[in-house]
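The values are calculated or read from the model by the stated rules, or taken from the named source; none is laboratory data. What you are looking at is a predicted structure, and each value in this text was computed from that prediction instead of being measured. Here Cβ is always computed from backbone atoms with ideal geometry, including for glycine, and neighbour counts include all displayed protein chains.
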Amino acid sequence: MKLAKKPSLWVGKLSRQLILLAAATVSLIPLYFMVISALKGREEYLENKWGLPSVPVLTNFVTSLVQESTPNRYFNSLVLTVGAVAISTLFACLAAYAFARLRFPGKNTLFNMILALMVVPPVVMVVPMFVSMARLKLVNTYEGVILIYVGILLPFSVYLLTNFFETIPQAIVDAGRIDGCNNLGIFFRIMLPLSAPALVTLIVVNSMWVWNELLIALIFLQKDDLKTVMVGVSAMRGRYYLDVPATMAGLLIATIPIIILYLFGQRYFIRGLTSGAVK
């Protein structure tokens, strides 16, 4: 009987590997097209769109960097991403700890209200947000957009961290209290160190969302010197409509930081998941 099961197990493993390989291939096709197109001239691109470039052309990157003020837009995107993710993560950690470990009146009601905000698309809140920011004179400012991003990121962040905090054994928390830790001591010395996988995941996901966000940045940052990378790429798409290689070069420049951030986060995912709280 054991010998009869081996072929089926082998076929099952092979099928899973083939499915994963096919999914990875499909996911990498857009990246392949973007890279090879960015390294071609316009004529070579029109002649052979999917083939490798005969001679790599770097003028497309010069066009994107110089004419589209990409370094300045990189700085704007970096400021918004770091500011929004740092503030939202801090407040989400504090709120999640309260929801997961503390008792106070209306906790469940408040938590359900926060969860309800996750299903509200940001596009339906654009008009009231713009009116509010205009009254506060926060249009065309980093502070206004960061405040909006924090509000959008908080519901999901609180939900994710609350669920993770609840998985930490109560015995560890009780041991901390016996050693003399108050709520802040437990939060900083126990909860945060044991929540490294969730925190890294949250930071990477939120950073990718803020970096790729277009609607809020396009509406609330109307000055040219405040535009983000994604706004610049969308403008470049209209200006170089017939010059696809130049557009692909701009997209590649905008994608590189996200790829680096993901690879950096992936490394810490594995490290955090292999170091459990209870051995």
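Structure data summary
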quantity: Cβ-Cβ under 7 Å pairs, at least 6 apart or on other chains, the range 223-234 side within 15 Å of residue 144 (Cβ to Cβ), far side of a type in the set (Gly, Ala, Ser) and at pLDDT 85 or above; calculated: 228/77; 228/217
quantity: In the range 220-279, the residues that are surrounded by 16 or more Cβ atoms within 10 Å (Cβ to Cβ), modelled with pLDDT under 80 and more than 20 Å from the chain's Cα centre (by Cα); calculated: 235, 236, 240, 243
quantity: Check on residue 203, β-branched (Val, Ile, Thr) and farther than 30 Å from residue 257 by Cβ; calculated: no
quantity: Failed item in (1) among the small types (Gly, Ala, Ser); (2) over 17 Å from residue 207 (Cβ atoms); (3) buried (at least 18 other Cβ atoms within 10 Å of the Cβ), with residue 134 passing the rest; calculated: (3)
quantity: Cross-chain or 6+ apart pairs with Cβ under 9 Å, the range 138-150 first and without any contact (Cβ under 8 Å) to a residue 12 or more places away in the chain and closer than 14 Å to residue 81 by Cα, then assigned to a helix (DSSP H, G or I) and not hydrophobic (A, V, I, L, M, F, W, C); calculated: 143/83
quantity: Test: residue in the range 54-74 that is within 20 Å of the chain's Cα centre (by Cα), more than 22 Å from residue 254 (Cα to Cα) and crowded, with 18+ Cβ neighbours inside 10 Å; calculated: no
quantity: Residue that is farthest from residue 250 (Cα to Cα) [pool: residues in the range 1-34 that are at pLDDT 75 or above and among the basic types (Lys, Arg)]; calculated: 13
quantity: Residue in the range 41-48 that is buried (at least 16 other Cβ atoms within 10 Å of the Cβ) and either touching a His at 6+ places or on another chain (Cβ under 6 Å) or within 14 Å of residue 255 (Cβ to Cβ) (or both) present; calculated: no
quantity: Residue count, the range 92-125 (criterion: without any contact (Cβ under 8 Å) to a residue 40 or more places away in the chain and either more than 24 Å from residue 192 (Cβ to Cβ) or touching a helix residue (DSSP H, G or I) at 6+ places or on another chain (Cβ under 6 Å) (or both)); calculated: 13
